[in-house]
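**Student:** Supplied in structure tokens, the structure appears directly below.
The values are calculated or read from the model by the stated rules, or taken from the named source; none is laboratory data. If you're wondering where the values come from, they're calculated on a predicted model, not measured in any experiment. Backbone-built Cβ (ideal geometry, glycine too); neighbour counts: all protein chains shown. In case anyone asks, the SASA skips ligands and DNA or RNA and just uses the protein heavy atoms, side chains included. Shrake-Rupley method; radii C 1.70, N 1.55, O 1.52, S 1.80 Å.
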Amino acid sequence: MEGAAMNAVVPMTVPLNAFLAVGTILFVIGLAGVLLKRNALSMFLSIELMMNAVNLLFLAYARMRGDASGQMVVFFVIAVAAAEAAVGLAIFVALFRAKRSIDVDEIASLKW
Amino acid sequence: MALPFPLSDLLVILPELILSELALGILLWAAVVKRERERALAWASLASLAIAAALLPVAASFAGELPRSAFGGMIALDGFSLFFKALTLLAAAVTILFSLRFVGTSPYPGGEYYALLLLTTVGMMFMASGTHLVSIYVALELMALSQYVLAGYFKQETKSVEAAAKYFVLGAFSSGVLLYGLSLVYGATGTLSLGGVSAALEAAPRSTLLMVGVVLVACGMLFKVASAPFHVWAPDVYEGAPTPVSAFFAVGPKLAAYAIFARIFFDGFGPRSDDWAPVLAASAALTMVVGNVGALMQTNVKRLLGYSSIGHAGYALLGLLAYRAGGAAGQPEAFGLWAILFYLTAYLLMTFGAFGLVVLLEAKGYATESVDDFNGLWKRNPLAAGAMVVFLLSLAGIPPTAGFVGKYLLFSAALKAGWPALVVLGVLMSAVSLFYYFRIVRAMYLVDGEGEVRWREEPAVAVAVGLCFAGTLAFGVLPQPLIALAKSCLLP
């Protein structure tokens, strides 16, 4: 990564606010999905959407500030999200085997 | 090829490095070991923890003068992180002692269990020394991902899997909120290292963006320490997870979460304490009420202890609020902070003790341990009943126990810092807690009848409970050495 190019504030054709707006809207969609959906898989997808919205925000801010550390964060978030997907899907498979359902309303042997 | 960091930086994380290697080694060994010889894995895990603990002073002496920053400001080794690393290693060791029979007699192989326990410990150790928001986040996820699996380890038990699913969904959700907060902080300050954030906050004007970011990070952290209104997962997960794992969840992750909570909010967001202190105060008040009142209604012991641990999270938040009481951070007068260190040590001892006695009770089914199971324990095993009374007194904060001293220090720190209303609430809620703790005492001493539940003699658990018992009483009678240690382990 060329330090000089990274440190210069690069002019953008799409204004920064547009990125921030899209990122925030995506995050809110994800948030609403987790709170409203009753299917565990849909909830999980919504969480992934939240994380990707955050990635977009980090990239936009990194570009705005001409600072590489925001871009670095995105790689970490992607890697963590991949690990999270592996663990989460395994848990949902185990849940389905035990309950024959992944509807969170039916997960009731512990008070939700 | 030139490394981007001096090679001596590796020595700073020597205990974590070695512990990770040993955990992976145990994972490999688990693939070939015979089921009936699995106990060797548990002893190997204990030995790994001991090695890591022995390497802590070695790393500190190699690091030279503390605090020592490494990897371009990602990691720091200081008294604060050493204190928390030692505590998390202790927590993991006690959990392994609890698990020996519990996992050994279950239909599930133990190899991955112990390896995951060690990996989650590595995550907690890195949390204790993270000084950059990215290293803190990655360490947090290493801890959390291993924990989701541990919660669902008894995968044919519906309750265990449900606990894992809830923990996972809510945990991943809270990580998302935390990340969103971090992105706002990054946008406002342009840096993610705690020192940089702090410097930028000193200079930057107040902005809504920044305030929202700080509050969202606070929400994410409150989830991790199971504070109201982000506590709903805790009783369910503690009830559904295998009992040794519940004990571990009630202690280990909370310690580590308090470590990063303190570091992020003092080192990073310290200049903006006016923004986040009201949020923390509101949450502390709500947490003390919800935890203690919620516990009144519980019949399941693990659930009861879960609610009680929520209440304790509320008391500990008082210490975070009061960190500036009596002096600048890092001075011996930073009363709140060393009060928290003392309190968390006491909390570790008494919570593990109480959970250890639940492990010793042979429940009728998976996760059905109820208060009635303690009926007439006094006649069957007076020693265990006596130990349980001491743990419950300590949890309720009655002298001469470590829990009393810890609570006293926290409350006086909060008074000094000017939160008298919260202290009054805390004292009131401690009185409420006596009711539900006394229900267990009543079952043990006053209710006749042999609970149908068998009592299991088990040397490993007995040793662990005995240690907790000795510590709870010793630090209650002679708190000075621990206080002196905590004072020397403050944030720089």
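**Student:** Would you mind getting me the FRET efficiency between A:Glu106 and B:Tyr408? Use the beta-carbon distance for r and R0 = 60 Å, nearest 0.05.
**Tutor:** The formula returns an efficiency of 0.80 here.
**Student:** Take every Cα pair under 8 Å in the stretch A:15-99 that's 6+ residues apart, average their separations, divide by the length, and report that relative contact order as a whole percent.
**Tutor:** Working: 67 pairs, mean separation 22.4, N = 85.
Computed over the stretch A:15-99, the figure is 26 percent.
**Student:** Note down the relative contact order for the stretch B:374-492 as a percent, whole number, built from C-alpha pairs under 8 angstrom at least six residues apart. Please list the in-between numbers first.
**Tutor:** Values: 101 pairs, mean separation 50.1, N = 119.
Relative contact order of the stretch B:374-492: 42 percent.
**Student:** Something else about it: Over the stretch B:29-157, average the accessible area per residue using a 1.4 Å probe and give it in Å², no decimals. Present the calculation step by step, with values, prior to reporting the outcome.
**Tutor:** Working: 4280 Å² over 129 residues.
Per-residue accessible area for the stretch B:29-157 comes out at 33 Å².
**Student:** Would you mind computing, in nm to one decimal, how far apart the modelled labels at B:Glu457 and B:Glu36 are, each placed 7 Å from Cα along Cα→Cβ?
**Tutor:** Distance between label points: 2.4 nm.
**Student:** I would also like to ask the following. Put one equal scatterer on each alpha carbon of the protein assembly as shown, apply the Debye formula with no solvent term, and list log10 I(q)/I(0) at q = 0.05, 0.08, 0.09, 0.12 1/Å to two decimals.
**Tutor:** -0.20, -0.53, -0.68, -1.26
**Student:** Chain pair A, B: how much accessible area is buried, both chains summed, with a 1.4 Å probe, in Å² to 100? It would help to have the intermediate numbers written out before the result.
**Tutor:** Numbers: alone 7710 and 17840 Å², together 22000 Å².
By this definition, chains A and B bury close to 3600 Å².
**Student:** Determine the relative contact order of chain B: mean sequence separation of Cα pairs under 8 Å and six or more apart, normalised by residue count, in whole percent.
**Tutor:** Reported as a whole number, the value is 15 percent.
**Student:** Now for a different question. Mean residue ellipticity at 222 nm from the helices of chain B, using -39,500 (n - 2.57) per DSSP H segment of n ≥ 4 over the full residue count, to the nearest 500 deg cm²/dmol? Let's see the in-between values first.
**Tutor:** Numbers: 20 runs with 356 residues, N = 492.
Rounded to the nearest 500, it is -24500 deg cm²/dmol.
**Student:** Next up: Can you figure out the FRET efficiency of B:Val58 with B:Phe435, using R₀ = 30 Å and their beta-carbon distance, to the nearest 0.05?
**Tutor:** Taking R0 as 30 Å, the efficiency between B:Val58 and B:Phe435 is 0.05.
**Student:** If you roll a 1.4 Å probe over chain B with all protein chains in place, what percent of the accessible area is carbon or sulfur? Don't skip to the end; give the middle numbers.
**Tutor:** Values: 11150 of 16030 Å².
About 70 percent, which is the carbon plus sulfur part of the accessible surface.
**Student:** Mind running the shape call on the stretch B:270-492? Use the C-alpha gyration tensor, a ≥ b ≥ c as the square roots of the eigenvalues: rounded below 1.5 for a/c, prolate if a/b tops b/c, oblate otherwise.
**Tutor:** Details: a/c = 2.58, a/b = 1.77, b/c = 1.46.
In terms of gyration-tensor shape, prolate.
**Student:** Ok, one more. Which whole-number value in Å² is the accessible area per residue of the stretch A:15-99, probe 1.4 Å?
**Tutor:** That works out to 45 Å² per residue.
**Student:** Here is a further query. Name the residue farthest towards the positive end of the dipole of the stretch B:12-268 from the options B:Thr121, B:Met211, B:Val185, assuming +1 on Cβ of Lys and Arg, -1 on Cβ of Asp and Glu, about the Cα centre.
**Tutor:** The residue sitting most towards the positive pole is B:Thr121.
**Student:** Follow-up. Multiplying the sequence separation of B:Glu362 and B:Leu66 by 0.36 nm and subtracting their Cα-Cα distance, what value in nm do you get? Let's see the in-between values first.
**Tutor:** Numbers: separation 296, 0.36 × 296 = 106.56 nm, distance 4.73 nm.
Computed gain between B:Glu362 and B:Leu66 is 101.8 nm.
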